[in-house]
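Heads up: the structure comes next, in C-alpha coordinates.
The values are calculated or read from the model by the stated rules, or taken from the named source; none is laboratory data. Worth saying up front: this structure is predicted, and the values here are computed from it rather than measured. Cβ: placed from backbone, ideal geometry, glycine included. Neighbour counts: every protein chain shown. Please note that ligands, DNA and RNA were not included when accessible areas were found on the heavy atoms of the full protein model with its side chains. Shrake-Rupley method; radii C 1.70, N 1.55, O 1.52, S 1.80 Å.
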Amino acid sequence: MFGHERSITQIKYNREGDLLFSVAKDTVTNVWYSVNGERLGTYNGHTGAVWCVDCDWDTKNVLTGSADNSCRLWDCETGKQLALLNTNSAVRTCGFDFSGNIIMFSTDKQMGYQCFLNFFDLRDPQQIGDNQPYLTVPCSDHKITSAVWGPLGEFVIAGHENGEINQFSAKSGEILKKAKEHTKQINDIQTSVDLTMFISASKDNTAKLFDSTSLDHIKTFKTERPVNSAAISPIMDHVVMGGGQEAMEVTTTSTRIGKFEEPVVVVTTFFAVLRFFHAAYEEEFGRVKGHFGPINCVAFHPDGKSYSSGGEDGYVRIHYFDPQYFDFELEA
(Lines give C-alpha, C1' and ligand atoms only; values in the text may rest on other atoms or scores of the structure.)
Protein backbone atom coordinates (compact mmCIF):
# COMPACT_ATOMS: atom_id res chain seq x y z
CA MET A 1 0.00 0.00 0.00
CA PHE A 2 1.49 3.31 -1.04
CA GLY A 3 0.11 6.39 0.70
CA HIS A 4 3.26 8.04 2.03
CA GLU A 5 6.03 9.90 0.26
CA ARG A 6 8.65 9.23 2.93
CA SER A 7 9.66 6.38 5.22
CA ILE A 8 7.10 4.80 7.55
CA THR A 9 7.65 5.47 11.26
CA GLN A 10 4.85 3.43 12.91
CA ILE A 11 1.83 1.27 12.07
CA LYS A 12 -0.97 0.31 14.46
CA TYR A 13 -4.12 -1.82 14.23
CA ASN A 14 -7.28 -0.91 16.11
CA ARG A 15 -8.63 -3.48 18.58
CA GLU A 16 -10.91 -5.25 16.09
CA GLY A 17 -8.22 -5.22 13.42
CA ASP A 18 -10.44 -3.88 10.62
CA LEU A 19 -8.43 -0.63 10.48
CA LEU A 20 -4.70 -0.06 10.14
CA PHE A 21 -3.16 3.33 10.93
CA SER A 22 0.17 4.41 9.46
CA VAL A 23 2.37 7.45 10.05
CA ALA A 24 5.55 8.57 8.30
CA LYS A 25 8.10 11.35 7.96
CA ASP A 26 5.83 13.13 5.46
CA THR A 27 3.34 14.77 7.93
CA VAL A 28 0.41 12.52 6.90
CA THR A 29 -1.51 10.04 9.05
CA ASN A 30 -3.34 7.43 6.96
CA VAL A 31 -6.03 4.93 7.91
CA TRP A 32 -6.57 1.80 5.76
CA TYR A 33 -9.03 -1.05 5.56
CA SER A 34 -6.85 -3.97 6.60
CA VAL A 35 -8.91 -6.53 4.69
CA ASN A 36 -8.18 -5.11 1.22
CA GLY A 37 -5.61 -2.33 1.67
CA GLU A 38 -8.00 0.43 0.57
CA ARG A 39 -7.23 3.83 2.05
CA LEU A 40 -10.16 5.06 4.11
CA GLY A 41 -8.86 8.56 4.79
CA THR A 42 -6.17 10.84 6.18
CA TYR A 43 -5.72 13.04 9.25
CA ASN A 44 -4.18 16.28 8.06
CA GLY A 45 -2.72 19.00 10.27
CA HIS A 46 0.82 18.11 11.29
CA THR A 47 3.62 20.12 9.70
CA GLY A 48 6.53 17.81 10.57
CA ALA A 49 7.38 14.12 10.55
CA VAL A 50 4.83 12.07 12.50
CA TRP A 51 6.62 9.70 14.85
CA CYS A 52 3.80 7.86 16.62
CA VAL A 53 0.12 6.91 16.42
CA ASP A 54 -2.40 5.12 18.63
CA CYS A 55 -6.11 4.33 18.59
CA ASP A 56 -8.32 3.93 21.66
CA TRP A 57 -10.21 0.79 22.73
CA ASP A 58 -13.46 1.51 20.86
CA THR A 59 -11.88 3.15 17.78
CA LYS A 60 -13.40 6.51 18.66
CA ASN A 61 -10.28 8.67 18.83
CA VAL A 62 -6.81 8.66 17.28
CA LEU A 63 -3.67 10.14 18.87
CA THR A 64 -0.58 11.27 16.96
CA GLY A 65 2.76 12.82 17.94
CA SER A 66 5.01 14.78 15.62
CA ALA A 67 8.32 16.56 15.10
CA ASP A 68 6.28 19.78 14.72
CA ASN A 69 6.28 19.91 18.56
CA SER A 70 2.68 18.80 18.99
CA CYS A 71 0.51 15.90 20.05
CA ARG A 72 -2.93 15.87 18.41
CA LEU A 73 -6.22 14.12 19.15
CA TRP A 74 -8.50 13.26 16.22
CA ASP A 75 -12.03 11.98 15.71
CA CYS A 76 -11.41 8.62 14.08
CA GLU A 77 -14.54 8.64 11.91
CA THR A 78 -14.59 12.23 10.64
CA GLY A 79 -10.87 13.09 10.75
CA LYS A 80 -11.65 16.27 12.72
CA GLN A 81 -8.93 17.52 15.04
CA LEU A 82 -10.30 17.48 18.61
CA ALA A 83 -7.30 18.74 20.57
CA LEU A 84 -3.88 20.26 19.96
CA LEU A 85 -1.26 19.90 22.68
CA ASN A 86 1.84 21.98 21.97
CA THR A 87 5.25 20.99 23.34
CA ASN A 88 8.77 22.42 23.40
CA SER A 89 10.28 19.57 21.40
CA ALA A 90 9.27 16.69 19.13
CA VAL A 91 6.75 14.14 20.41
CA ARG A 92 8.37 10.71 20.08
CA THR A 93 5.84 8.30 21.63
CA CYS A 94 2.13 8.43 22.50
CA GLY A 95 -0.67 6.14 23.63
CA PHE A 96 -4.13 5.70 25.17
CA ASP A 97 -4.57 3.75 28.37
CA PHE A 98 -6.97 0.78 28.54
CA SER A 99 -9.98 3.03 29.31
CA GLY A 100 -9.20 5.55 26.58
CA ASN A 101 -9.54 8.36 29.12
CA ILE A 102 -5.86 8.93 29.89
CA ILE A 103 -3.22 9.69 27.26
CA MET A 104 0.54 9.75 27.66
CA PHE A 105 3.22 11.09 25.36
CA SER A 106 6.95 11.70 25.61
CA THR A 107 8.97 14.54 24.15
CA ASP A 108 12.52 14.47 22.80
CA LYS A 109 15.62 15.84 24.48
CA GLN A 110 16.58 18.57 22.00
CA MET A 111 17.10 22.31 21.54
CA GLY A 112 18.04 22.72 25.19
CA TYR A 113 14.87 21.02 26.46
CA GLN A 114 14.97 17.77 28.37
CA CYS A 115 12.78 14.73 27.75
CA PHE A 116 9.39 14.74 29.49
CA LEU A 117 6.70 12.09 29.92
CA ASN A 118 3.29 13.81 30.06
CA PHE A 119 -0.09 12.50 31.23
CA PHE A 120 -3.46 14.10 30.36
CA ASP A 121 -6.97 13.12 31.47
CA LEU A 122 -9.28 13.65 28.47
CA ARG A 123 -12.30 13.87 30.80
CA ASP A 124 -10.98 17.18 32.12
CA PRO A 125 -11.46 19.88 29.43
CA GLN A 126 -9.42 22.37 31.47
CA GLN A 127 -6.28 20.24 31.18
CA ILE A 128 -6.66 20.16 27.41
CA GLY A 129 -7.67 23.82 27.10
CA ASP A 130 -4.81 25.07 29.29
CA ASN A 131 -2.33 22.53 27.83
CA GLN A 132 -1.50 21.52 31.41
CA PRO A 133 -0.97 17.78 32.02
CA TYR A 134 -1.98 16.41 35.41
CA LEU A 135 1.47 14.80 35.61
CA THR A 136 4.80 15.62 34.00
CA VAL A 137 7.79 13.36 34.57
CA PRO A 138 11.27 14.68 33.65
CA CYS A 139 13.72 12.18 32.14
CA SER A 140 16.93 14.17 32.29
CA ASP A 141 19.49 11.41 31.75
CA HIS A 142 18.39 9.48 28.66
CA LYS A 143 15.42 10.29 26.44
CA ILE A 144 12.51 7.91 25.92
CA THR A 145 12.57 6.28 22.48
CA SER A 146 9.56 3.95 22.85
CA ALA A 147 6.73 3.61 25.38
CA VAL A 148 3.54 1.59 25.95
CA TRP A 149 0.91 1.32 28.68
CA GLY A 150 1.17 -1.58 31.10
CA PRO A 151 -1.73 -3.70 32.41
CA LEU A 152 -4.72 -1.83 33.91
CA GLY A 153 -3.23 1.56 33.04
CA GLU A 154 -1.30 1.76 36.29
CA PHE A 155 2.07 2.46 34.70
CA VAL A 156 3.89 3.14 31.45
CA ILE A 157 6.74 0.93 30.23
CA ALA A 158 9.38 3.13 28.60
CA GLY A 159 12.51 2.21 26.65
CA HIS A 160 15.41 4.66 26.57
CA GLU A 161 18.25 5.57 24.21
CA ASN A 162 20.79 3.89 26.53
CA GLY A 163 18.94 0.54 26.43
CA GLU A 164 17.28 0.92 29.82
CA ILE A 165 13.63 0.03 30.46
CA ASN A 166 11.66 1.81 33.21
CA GLN A 167 8.18 1.53 34.67
CA PHE A 168 6.70 4.98 35.39
CA SER A 169 3.68 5.23 37.67
CA ALA A 170 0.74 6.98 35.95
CA LYS A 171 -0.33 8.43 39.32
CA SER A 172 2.89 9.64 40.94
CA GLY A 173 5.40 9.56 38.09
CA GLU A 174 7.93 7.66 40.20
CA ILE A 175 10.01 4.86 38.68
CA LEU A 176 8.53 1.60 39.97
CA LYS A 177 11.01 -0.82 38.39
CA LYS A 178 14.09 -0.78 36.15
CA ALA A 179 15.71 -3.26 33.76
CA LYS A 180 18.96 -2.94 31.82
CA GLU A 181 19.24 -5.95 29.49
CA HIS A 182 19.98 -4.07 26.23
CA THR A 183 23.31 -2.40 25.51
CA LYS A 184 22.06 0.10 22.91
CA GLN A 185 18.98 2.20 22.11
CA ILE A 186 15.55 0.60 22.28
CA ASN A 187 13.71 1.27 19.01
CA ASP A 188 10.33 -0.30 19.73
CA ILE A 189 8.24 -1.84 22.51
CA GLN A 190 5.05 -3.84 21.86
CA THR A 191 2.88 -5.77 24.32
CA SER A 192 1.22 -9.16 24.04
CA VAL A 193 -2.56 -9.16 23.47
CA ASP A 194 -3.24 -9.62 27.22
CA LEU A 195 -0.56 -7.05 28.21
CA THR A 196 1.20 -9.55 30.49
CA MET A 197 4.38 -9.53 28.37
CA PHE A 198 6.16 -7.13 26.05
CA ILE A 199 8.92 -7.39 23.48
CA SER A 200 11.64 -4.78 23.00
CA ALA A 201 13.61 -4.21 19.79
CA SER A 202 17.07 -2.69 20.04
CA LYS A 203 20.02 -1.38 18.06
CA ASP A 204 22.14 -4.03 19.80
CA ASN A 205 20.86 -6.59 17.22
CA THR A 206 18.46 -8.29 19.64
CA ALA A 207 14.81 -8.36 20.64
CA LYS A 208 13.95 -9.41 24.19
CA LEU A 209 10.79 -10.69 25.87
CA PHE A 210 9.91 -9.34 29.34
CA ASP A 211 7.23 -9.76 31.99
CA SER A 212 5.24 -6.49 32.02
CA THR A 213 4.72 -6.32 35.78
CA SER A 214 8.03 -7.58 37.17
CA LEU A 215 10.27 -6.57 34.20
CA ASP A 216 11.84 -10.03 34.44
CA HIS A 217 13.78 -10.88 31.28
CA ILE A 218 12.30 -14.05 29.72
CA LYS A 219 13.81 -14.65 26.24
CA THR A 220 16.32 -13.17 23.77
CA PHE A 221 16.14 -13.29 19.96
CA LYS A 222 19.42 -12.51 18.19
CA THR A 223 20.14 -11.26 14.65
CA GLU A 224 23.16 -9.75 12.89
CA ARG A 225 21.51 -6.38 12.17
CA PRO A 226 19.85 -3.70 14.34
CA VAL A 227 16.23 -4.57 15.18
CA ASN A 228 13.85 -1.67 14.50
CA SER A 229 10.59 -3.35 15.51
CA ALA A 230 9.25 -6.60 16.96
CA ALA A 231 5.75 -7.95 17.64
CA ILE A 232 4.21 -10.89 19.52
CA SER A 233 1.65 -13.15 17.81
CA PRO A 234 -1.73 -13.13 19.59
CA ILE A 235 -2.43 -16.82 18.83
CA MET A 236 0.93 -18.57 18.34
CA ASP A 237 4.17 -18.78 20.33
CA HIS A 238 5.85 -16.68 17.64
CA VAL A 239 7.46 -13.27 17.34
CA VAL A 240 8.21 -11.32 14.16
CA MET A 241 11.13 -8.91 13.85
CA GLY A 242 12.06 -6.30 11.27
CA GLY A 243 15.13 -4.13 10.97
CA GLY A 244 18.28 -3.50 8.99
CA GLN A 245 20.85 -0.79 8.63
CA GLU A 246 20.55 2.21 6.39
CA ALA A 247 19.42 1.37 2.86
CA MET A 248 22.72 2.61 1.43
CA GLU A 249 26.02 1.98 3.09
CA VAL A 250 28.56 4.22 1.48
CA THR A 251 32.24 3.33 1.59
CA THR A 252 34.91 5.37 -0.10
CA THR A 253 38.11 4.00 -1.62
CA SER A 254 40.68 5.90 -3.61
CA THR A 255 42.12 5.00 -6.98
CA ARG A 256 45.04 6.77 -8.58
CA ILE A 257 44.41 8.24 -12.02
CA GLY A 258 47.63 9.88 -13.20
CA LYS A 259 48.69 12.32 -10.51
CA PHE A 260 45.24 12.61 -8.93
CA GLU A 261 43.46 10.39 -6.45
CA GLU A 262 39.86 9.76 -7.45
CA PRO A 263 37.43 8.72 -4.68
CA VAL A 264 35.18 5.82 -5.68
CA VAL A 265 31.86 5.44 -3.90
CA VAL A 266 30.65 1.88 -3.45
CA VAL A 267 26.90 1.73 -2.83
CA THR A 268 25.28 -1.42 -1.48
CA THR A 269 21.51 -1.85 -1.19
CA PHE A 270 19.50 -4.81 -0.01
CA PHE A 271 16.01 -6.20 0.40
CA ALA A 272 15.25 -6.37 4.11
CA VAL A 273 13.67 -9.52 5.51
CA LEU A 274 11.14 -10.11 8.24
CA ARG A 275 12.29 -12.82 10.62
CA PHE A 276 10.08 -15.21 12.56
CA PHE A 277 11.23 -16.74 15.83
CA HIS A 278 9.66 -19.29 18.14
CA ALA A 279 8.98 -17.49 21.42
CA ALA A 280 9.80 -20.46 23.63
CA TYR A 281 12.82 -21.97 21.84
CA GLU A 282 14.35 -18.66 20.61
CA GLU A 283 14.88 -20.36 17.22
CA GLU A 284 14.43 -18.60 13.88
CA PHE A 285 12.13 -20.62 11.60
CA GLY A 286 11.19 -18.32 8.74
CA ARG A 287 12.03 -15.24 6.69
CA VAL A 288 9.91 -13.09 4.38
CA LYS A 289 11.32 -10.64 1.83
CA GLY A 290 9.48 -7.62 0.52
CA HIS A 291 10.64 -4.14 1.44
CA PHE A 292 13.55 -2.41 -0.24
CA GLY A 293 15.76 -1.12 2.54
CA PRO A 294 15.22 -1.33 6.31
CA ILE A 295 11.92 -2.35 7.89
CA ASN A 296 10.94 0.27 10.45
CA CYS A 297 7.82 -1.25 12.03
CA VAL A 298 5.85 -4.50 12.24
CA ALA A 299 2.46 -5.37 13.75
CA PHE A 300 0.35 -8.51 14.06
CA HIS A 301 -3.34 -8.38 13.19
CA PRO A 302 -5.36 -8.95 16.40
CA ASP A 303 -6.69 -12.26 15.00
CA GLY A 304 -3.16 -13.50 14.33
CA LYS A 305 -3.93 -14.53 10.75
CA SER A 306 -1.98 -11.72 9.10
CA TYR A 307 0.60 -9.07 9.89
CA SER A 308 1.78 -5.75 8.46
CA SER A 309 5.11 -4.05 7.98
CA GLY A 310 6.23 -0.51 7.19
CA GLY A 311 9.54 0.26 5.55
CA GLU A 312 12.07 2.93 4.73
CA ASP A 313 10.75 2.62 1.16
CA GLY A 314 7.47 4.34 2.19
CA TYR A 315 5.31 1.26 1.62
CA VAL A 316 3.01 -0.52 4.06
CA ARG A 317 2.62 -4.22 3.29
CA ILE A 318 -0.08 -6.56 4.60
CA HIS A 319 0.93 -10.23 4.65
CA TYR A 320 -1.54 -13.11 5.06
CA PHE A 321 -0.35 -16.43 6.44
CA ASP A 322 -0.78 -19.63 4.43
CA PRO A 323 -2.93 -22.36 6.06
CA GLN A 324 0.21 -24.45 6.63
CA TYR A 325 1.56 -21.78 8.99
CA PHE A 326 -1.04 -22.62 11.63
CA ASP A 327 -0.11 -26.31 11.57
CA PHE A 328 3.61 -25.63 11.85
CA GLU A 329 5.42 -27.06 14.86
CA LEU A 330 9.08 -26.38 15.53
CA GLU A 331 11.09 -29.51 16.26
CA ALA A 332 13.01 -28.81 19.44
What's the center-to-center distance, using Cα atoms, between the stretch 151-202 and the stretch 44-97 in Å?
21 Å
If you roll a 1.4 Å probe over the stretch 283-331 with all protein chains in place, what percent of the accessible area is carbon or sulfur?
46 percent
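Which value at 222 nm does the chain reach when only helices count, each DSSP H run of 4 or more adding -39,500 (n - 2.57), with the total divided by all residues and rounded to the nearest 500 deg cm²/dmol? Before the final figure, lay out each step's value.
Values: 1 runs with 6 residues, N = 332.
For the chain, the value works out to -500 deg cm²/dmol.
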Under 5 Å, built H, 5+ apart or other chain: amide partners of A83
L73
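May I ask you to order 317-326, 183-192, 155-164 by the average number of other C-beta atoms within 10 Å around their residues, highest value first?
On the way: 317-326: 12.4, 183-192: 20.3, 155-164: 22.3.
My ranking of the peptides, most packed first, is 155-164, 183-192, 317-326.
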Mind checking Rg over Rh on the stretch 74-210, alpha carbons, Kirkwood formula for Rh?
0.97
Result for the stretch 280-332: accessible area per residue, probe 1.4 angstrom, in square angstrom, of 54 Å²
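For the stretch 1-72, what does the relative contact order come out to in percent, with C-alpha contacts under 8 Å and a separation of six or more? Numbers along the way, then the final one.
Numbers: 164 pairs, mean separation 18.4, N = 72.
Over the stretch 1-72, the number comes to 26 percent.
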When all C-alpha to C-alpha distances in the chain are sorted into bins of 10 Å, what percent of pairs does each bin hold, rounded to whole numbers?
6, 26, 35, 22, 7, 3, 1, 0
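Tell me, what % of the accessible area of the stretch 107-198 is carbon and sulfur with a 1.4 angstrom probe?
Working: 2090 of 4410 Å².
Ligands and nucleic acids excluded, carbon and sulfur give 47 percent.
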Write down the accessible area per residue of the stretch 171-250 in Å², having rolled a 1.4 Å probe over the full set of protein chains.
46 Å²
Could you give the accessible area per residue of the stretch 14-129, probe 1.4 Å, as a whole number in Å²?
41 Å²
List the residues whose amide H sits under 5 Å from the amide H of G314, counting only those 5 or more places along or on another chain, with H placed 1.01 Å from N in the peptide plane.
I8
Testing the spin-label approximation: label points 7 Å from Cα along Cα→Cβ at N131 and T183. State their distance in nm.
4.2 nm
Using amide H atoms built in the peptide plane, which far-off residues or other-chain residues are under 5 Å from H301 H to H?
S306, Y307, S308
Using alpha carbon centroids, what distance separates the stretch 14-31 and the stretch 281-332, in Å?
18 Å
Work out from phi, with θ = phi - 60° and the Karplus expression 6.51 cos²θ - 1.76 cosθ + 1.60, the ³J(HN,Hα) of each residue of the stretch 90-95, listed in order in whole Hz, and give x for Gly and Pro.
4, 8, 9, 9, 7, x
